[in-house]
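The values are calculated or read from the model by the stated rules, or taken from the named source; none is laboratory data. Because the structure is predicted, anything quoted here is derived from the model rather than measured. Heads up, the Cβs are rebuilt from the backbone with ideal geometry, glycines too, and the neighbour counts pull from every protein chain shown. In case anyone asks, the SASA skips ligands and DNA or RNA and just uses the protein heavy atoms, side chains included. Shrake-Rupley method; radii C 1.70, N 1.55, O 1.52, S 1.80 Å.
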Amino acid sequence: MRKIISLDIGGTNTRVSLINEKYEVEKTLISDTVVGNTDKFLANVVKTVREAISEDDMKDVIAISAGVPGRVRENGFIDILPNIHISNIPFSEYMSKAFGLPAYALNDAQAAALAEANVGPWAKNRSVYFVTISTGVGGALCVDGILKNSSNEAGHTMVPYKGEVHEFEHMCSGTGLIRLCDMNDLYVANAKEFFEMVQNENYQAVAVYKDWIKMLSRWFSMMQELYQPDVFAVTGGVMKSAHLFFDELKATTPACKIEAAGCGQMAGLLGAAVYGFYRVKNQ
């Protein structure tokens, strides 16, 4: 059975998996990501792959594919990895030379979107709009399992609030919630503290929460008008508090089908594998 060496590279950890064409994860290894030095970063990725994948496994491997937290060109050249503090990284060229295999790379949010559209519980839908709401906001549309639109600009769409216009992620992301609270003379350290105050029915927090839900609803409705997805698959840090707001979000956006993303921590690895199989097939 054909297999992909799939990587999910983050600012803290690098995960390597061997994934077959049924999207079964056969083995996984996690190592620390090397930061601040491009050569050492690339050498460590190669080292981690060699530790994770045996020579016997390599017989069935047709490509290497990675999801990374930064801007990536179609040829697998990475312009910048801000959280890893390196730039101008010839990732695919380096990996291909090291292993004698085609090597691909894409943004990690794009990888997660491909996982949700091809492997997750919403894969039977023709169009899936993946949304991550965490430190910032990202979005990606997949149609028939293929990435059609992907941009961090999703978080930079403008929303009105109290007579002013703000970027959506500056108001509604996990970090944005802190700013939204501050604008209402409510001081919280993080989104977790805010949602705890909402749960405890703090009147200031509840008032801010209502404004937040209204802005979220408007944004999802706007994305629905633009892209007409069959389903929104939502993930990110704020979903840790989904039990407090998710039902209300759905109720206030009846034209949208909004669901929790289903691939969890495996989304990056599975999506990178989807991308690898797709690229090999269409090269």
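Looking only at residues in the range 206-218 that are closer than 14 Å to L177 by Cβ and touching a residue at least 40 places away in the same chain (Cβ under 8 Å), which one is surrounded by the fewest Cβ atoms within 10 Å (Cβ to Cβ)? So, considering only residues that are closer than 14 Å to L177 by Cβ and touching a residue at least 40 places away in the same chain (Cβ under 8 Å), the one surrounded by the fewest Cβ atoms within 10 Å (Cβ to Cβ) is D211. Within the range 159-171, being free of Cβ contacts under 8 Å to residues at least 12 places away in the same chain and either surrounded by 21 or more Cβ atoms within 10 Å (Cβ to Cβ) or under 24 Å from E193 (Cα atoms) (or both) holds for H166, H170.
Rundown of residues vs (1) in contact (Cβ under 8 Å) with a residue 24 or more places away in the chain; (2) touching a helix residue (DSSP H, G or I) at 6+ places or on another chain (Cβ under 6 Å); (3) open to solvent by 10 Å² or more (accessible area, probe 1.4 Å), yes/no style:
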{"site": "K97", "(1), (2), (3)": "no, no, yes"}
{"site": "L101", "(1), (2), (3)": "yes, no, yes"}
{"site": "Y104", "(1), (2), (3)": "yes, yes, yes"}
{"site": "D108", "(1), (2), (3)": "yes, yes, yes"}
{"site": "A115", "(1), (2), (3)": "yes, yes, no"}
{"site": "P121", "(1), (2), (3)": "yes, no, yes"}
{"site": "N125", "(1), (2), (3)": "yes, no, yes"}
{"site": "G136", "(1), (2), (3)": "yes, yes, yes"}
{"site": "L141", "(1), (2), (3)": "yes, yes, yes"}
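Scanning the range 11-26 for residues that are open to solvent by 70 Å² or more (accessible area, probe 1.4 Å) and assigned to a strand (DSSP E or B) gives a single hit, E26. Evaluating G276 against the criteria (1) more than 25 Å from S221 (Cβ to Cβ); (2) open to solvent by 10 Å² or more (accessible area, probe 1.4 Å) leaves one unmet condition, (2). The set of residues from the range 143-158 being surrounded by 16 or more Cβ atoms within 10 Å (Cβ to Cβ) and assigned to a strand (DSSP E or B) comprises V143, L147, S150.
Exactly one residue out of V274, V238, V280 is out of contact with any Phe, Trp or Tyr (no Cβ under 7 Å at 6 or more places or on another chain), touching a residue at least 24 places away in the same chain (Cβ under 8 Å) and under 21 Å from L177 (Cα atoms): that is V238. Scanning the range 180-217 for residues that are part of a helix (DSSP H, G or I) and in contact with a Ser or Thr (Cβ under 9 Å, 6 or more places away or on another chain) turns up A191, K192, F194, F195, E196, V198, Q199, I213, K214, L216, S217.
Pairing residues of the range 1-27 that are closer than 18 Å to A109 by Cα and without any contact (Cβ under 8 Å) to a residue 24 or more places away in the chain with residues that are open to solvent by 10 Å² or more (accessible area, probe 1.4 Å) and of a type outside the set (S, T, N, Q), at Cβ distances under 8 Å and at least 6 apart in sequence or on separate chains, gives T12/D32; N13/I30; N13/D32. Restricted to the range 172-201, and to residues there that are more than 18 Å from Y161 (Cβ to Cβ) and of a type in the set (D, E, K, R), the residue that is least open to solvent (accessible area, probe 1.4 Å) is E193.
Each row is one residue, and each column tells you yes or no for (1) aliphatic (A, V, I, L, M); (2) out of contact with any Leu (no Cβ under 6 Å at 6 or more places or on another chain); (3) within 30 Å of S134 (Cα to Cα).
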residue	(1), (2), (3)
V49	yes, yes, yes
S54	no, yes, no
V61	yes, yes, no
N75	no, yes, yes
I80	yes, yes, yes
N83	no, yes, yes
I86	yes, yes, yes
Y104	no, yes, yes
D108	no, yes, yes
